[in-house]
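Every number here is computed from the coordinates shown, using simple stated rules; none is lab data. This one's a predicted model, so the numbers in the text were calculated from it and none came from an experiment. Neighbour counts run over all protein chains shown; Cβ positions are idealised from the backbone, glycine included.
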Amino acid sequence: MTVSTPNRPTQCNKPVDNANTQACGFSAIDADRHIIETEQLWREILPPALYQSCQFETVDDTPHAMLGRIQRLGNAGATLLPTEQKLKGQPLLNNWGEPQRLTSTQAWSSKLAAVQQATTPSGQLASMDEGEIGTAHLFPTYGGLVINNQFLSSAESVTIAKAYNTWLYDYCRANPQRLRAVGVISRHAPEQMLSQLQQVIDFGWRSITLRPEPIAGRTLGHKDYEPFWAACAQQGIAIAFHGGTHLQGSTVGIGRFNTRFALHACSHLMEAQMAFLALLEGGVLERHPTLKVAFLEAGAGWLPSWLWRLDNLCYKNLPGELKGVLSMLPSDYFKRQCWIGFEPDEPGLREVVNTIGAERLLFGTDFPHPDHDSPASPAATCKHLFNQTELKAVLETNPQVFFG
């Protein structure tokens, strides 16, 4: 199937109000910001028959259940748990029992106002003004957990992905210059990924997000994805790999740990490492040198040691195993076509810059998720980490180059 370049849809041309972002001389771009999808969203955007076949359910906590928890746990149980969402008769979130839900309630309690803002375009824009963000690239919160759910059929997953993208298009139309949609693609059926990509292109979008872990038994290096990678490279579509905890799937750590502490420690970081490895070993980066990929919300401090290990302990010692697959050192592929998100307070960031260059770093707030504090000003948050040239690259130029 050929993916065509269409006439772009007409979009709103409201001026970007960057009054609060000009102190540093440029407009800060948030490369990793999130929408919060309400529990009612799926009923509103899906055909009734599909909504019924997917068995979407919401289960509210009750005062009676809370009293039982208080008897068992004391004051630690004295709170109503968030509504539990179910899909196909299973919890939407994997390993999401009472202890995890209690922990989540405590973590999210200080973010409730921000969560509400993230449900609407107007709230999102207001929060961006407060945080001195000129432009934001918007990722799903629950959408990825639904679309990539292992209990869905391929047809269900693909239909939900397209419905989500249509809804996201409407969400971002409030101000498409500042609210930049990152399309979601289902990997359940590789043969249907090109039609999903065409929808993204028809909307005029330049980036998509994929989960990093194996989906439907296929790693990112699987041969069935080859037409998709070729189309993304040809059309200049940037691919942001963004993991997360509690997917009903094969996220690393899920068969070994049960606590959110352990699962959250593994999921983002280790899946990003293995995503790069899968693309590398599968020859995807070799065959498609113009393909742009990023690894987000996994930190960056691990990258120098990971690239060193791949270069020196693997590639140099086992050259015959990847003969004909790789023509360069693993680190050279990263420097050529990969970007990475970082945490402003993580150690070793200067070593990352020394290894891959500041032009490969992306800044994201992760707004409004509770494991990150949204900075009052990205420039103020990052100014001690970079010189002025690097700061402009990280907060403005790099995301412009990556997201196109």
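Quick look at the values:
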quantity: Cβ-placed point charges (K, R +1; D, E -1), dipole of the chain about Cα centre in debye, nearest 20; calculated: 540
quantity: Enclosed volume per residue, in Å³, of the convex hull spanned by Cα atoms of region 307-393; calculated: 122
quantity: Qualifying lysines (Cα of each under 28 Å from Cα of Lys162; at least 8 residues distant if same chain); calculated: Lys14, Lys86, Lys88, Lys223, Lys292
quantity: Reciprocal mean inverse distance between Cα atoms of region 229-281 - Kirkwood radius, Å; calculated: 12.5
quantity: Cα-based convex hull, the chain, per residue volume (Å³, whole number); calculated: 146
quantity: Quarter of Cα convex hull surface for region 237-329, i.e. mean projection, nm²; calculated: 7.0
quantity: q = 0.12, 0.19 Å⁻¹: log10 I(q)/I(0) that the Debye formula gives for region 47-128, counting C-alpha atoms only; calculated: -0.50, -0.98
quantity: Helical mean residue ellipticity (222 nm; -39500 (n - 2.57) per DSSP H run of 4+; nearest 500) of the chain; calculated: -11000 deg cm²/dmol
quantity: Gained length - Arg173 relative to Glu84, 0.36 nm times residue gap less alpha-carbon distance; calculated: 29.0 nm
quantity: Kirkwood Rh and Cα Rg combined as Rg/Rh, region 66-170; calculated: 1.05
quantity: Extension gain from Thr58 to Thr166, taking 0.36 nm per residue of separation minus the Cα-Cα distance; calculated: 36.6 nm
quantity: Antiparallel bridges, percent of DSSP beta bridges restricted to the chain (to nearest 5); calculated: 20
quantity: Low-density loop positions, trypsin sites (Lys or Arg not before Pro), region 215-306 - DSSP coil, at most 12 other Cβ in 10 Å; calculated: Arg256
quantity: Whether region 113-233 is rounded, prolate or oblate, judged on the alpha carbon gyration tensor where a/c under 1.5 counts as rounded; calculated: prolate
